[in-house]
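This report refers to the structure that appears directly beneath it.
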Amino acid sequence: MNLFKTNHVFFLLLLAHIIALESIAWFTVFYFGNGWIPTLITAFVLATSQAQAGWLQHDYGHLSVYRKPKWNHLVHKFVIGHLKGASANWWNH
């Protein structure tokens, strides 16, 4: 039934979705300033993005997306390091 077969398009689209949300949040602050409404919208968008990035790095951290661990480690380090601002070594230990 291929229940454990990974859909790579899903993970690619999820990564693109997270990057798009991060871009939208920063554009909102850049374009509208730091008033109450833009700050609340940005906080909501960033919270959603960071939650999604947390689950994405979780899957890559458990080496469950690609067959080769090298690719999982590479993308895991990108997501947790650049999008989450945390250490991949911390996650592994």
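Give, as a single signed number, the net charge of other residues whose beta carbon lies under 12 Å from the beta carbon of residue 15, with Lys and Arg counted +1 and Asp and Glu -1.
Residues near residue 15 contribute -2 overall.
Principal axis extents for the chain, Cα atoms only, whole Å, descending order, please.
The Cα atoms of the chain stretch 48, 32, 15 Å along their principal axes.
Ranking request for peptides 4-10, 16-22, 65-71: highest mean number of other beta-carbon atoms within 10 Å first, then the rest in descending order.
Top to bottom by mean Cβ count within 10 Å: 16-22, 65-71, 4-10.
Whenever you get a sec, compute what percent of the accessible area on the chain sits on carbon and sulfur atoms (1.4 Å probe).
The C+S portion of the solvent-accessible surface of the chain is 69 percent.
May I ask you to derive the FRET efficiency for residue 70 and residue 2 from their Cβ-Cβ distance with R0 = 25 Å, giving the value to the nearest 0.05?
That gives a FRET efficiency of 0.60.
Enter the accessible area per residue of region 6-89 (Å², integer; probe 1.4 Å; all protein chains in place).
67
The values are calculated or read from the model by the stated rules, or taken from the named source; none is laboratory data. All values reported here derive from a predicted model rather than from experimental measurement. Methodologically, a virtual Cβ is constructed for each residue, glycine included, from the backbone with ideal geometry; neighbour enumeration extends over all protein chains shown. Remember, those area values only see protein heavy atoms, side chains included, never the ligands or the DNA or RNA. Shrake-Rupley method; radii C 1.70, N 1.55, O 1.52, S 1.80 Å.
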